[in-house]
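To start, the structure itself, in structure tokens.
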Amino acid sequence: MMRPSSLAVLDGDLAAQLEHVPEEQLRAAALAAVRFALARTPLTEPAIAAGLAALDQRRYGDAGGVRPELESLVNEYDQRQWTLQDEGRGDAPEYFDAFEKARAANTVYYALDPDPWLAATRAIYDAEAATNDLAGLRQEVQRVLQAS
């Protein structure tokens, strides 16, 4: 039986595939999702750079306080989008920009999760939300899984 995940709702086949890969491949899939999201939704905040550095150094969890910084950034972008929505501007470009940035930042936050399964499935889920490109994301994750 497959572990429950938000990714299973989005792409059951990919979630099932990830269920059977080792931790190293789960981490590679999470990093692929991060890079995919950030390539399409660039973020320049220091928390993003710190998160990417932690991923490159394979420092997962809350070491160095990176995840709380990322969570704060996600909350900041989420607050922007909720404010715009409350103002009746839920269809404004600024709303979609804040939504995409919050989800892209969340890919970094989740990729750093100490649980590799959660890191991969949530990072992929949020990368899709940030980019609205499941086919492209799936292709990139598959490429990384085959290469590792």
Exercise. With the radius of gyration and the Kirkwood radius both derived from the Cα set of the range 104-148, what is their ratio Rg to Rh?
Worked result: 0.97
Problem set entry | Relative contact order of the chain, defined on C-alpha pairs under 8 angstrom at six or more residues apart (%) | 36 percent
Exercise. Is the range 13-67 rounded, prolate or oblate when judged by the Cα gyration tensor, a ≥ b ≥ c being the square roots of its eigenvalues, rounded requiring a/c under 1.5 and prolate requiring a/b larger than b/c?
Worked result: oblate
Exercise. Got a sec? How would Tyr60, Tyr110 order by Cβ neighbour count within 10 Å, fewest to most?
Worked result: Tyr60, Tyr110
For this session: Classify the range 6-45 as rounded, prolate or oblate, taking a ≥ b ≥ c as the square roots of the eigenvalues of its Cα gyration tensor: rounded when a/c is under 1.5, otherwise prolate if a/b is larger than b/c and oblate if not.
Result: oblate
Seminar exercise, completed: In deg cm²/dmol, rounded to the nearest 500, the helical mean residue ellipticity at 222 nm of the chain, built from -39500 (n - 2.57) for every DSSP H run of length 4 or more, is -24000 deg cm²/dmol
Seminar exercise, completed: The summed charge of the Gln85 Cβ neighbourhood (under 12 Å; Lys/Arg +1, Asp/Glu -1) stands at -3
Seminar exercise, completed: Applied in sequence order to the range 22-39, the curve 6.51 cos²θ - 1.76 cosθ + 1.60 (Karplus, θ = phi - 60°) yields integer Hz couplings, x standing for Gly and Pro, of x, 3, 4, 6, 4, 5, 5, 5, 4, 5, 4, 5, 4, 4, 4, 5, 6, 5
Exercise. Using the Cβ atoms and a cut-off under 11 Å, what net charge is assigned to the surroundings of Thr131, where Lys and Arg are +1 and Asp and Glu are -1?
Worked result: -3
Problem set entry | Debye log10 I(q)/I(0) for the range 32-97, one point scatterer per Cα, at q = 0.14, 0.18, 0.21, 0.22 Å⁻¹ | -0.51, -0.75, -0.91, -0.96
Exercise. Sorted from fewest to most neighbouring beta carbons within 10 Å, what does the list Ser5, Ser72 look like?
Worked result: Ser72, Ser5
Exercise. What whole-number value in cubic angstrom gives the convex hull volume per residue for the C-alpha atoms of the chain?
Worked result: 105 Å³
Exercise. How far, in nm, would the chain grow between Gln17 and Ala53 when pulled straight, counting 0.36 nm per residue and subtracting the alpha carbon separation?
Worked result: 10.2 nm
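Each reported figure results from applying straightforward, stated rules to the coordinates on display, with no laboratory input. A quick note: this is a predicted structure, and the numbers were derived from the prediction, not measured. Note: ideal-geometry Cβ built from the backbone for every residue, glycine included; neighbour counts use all protein chains shown.
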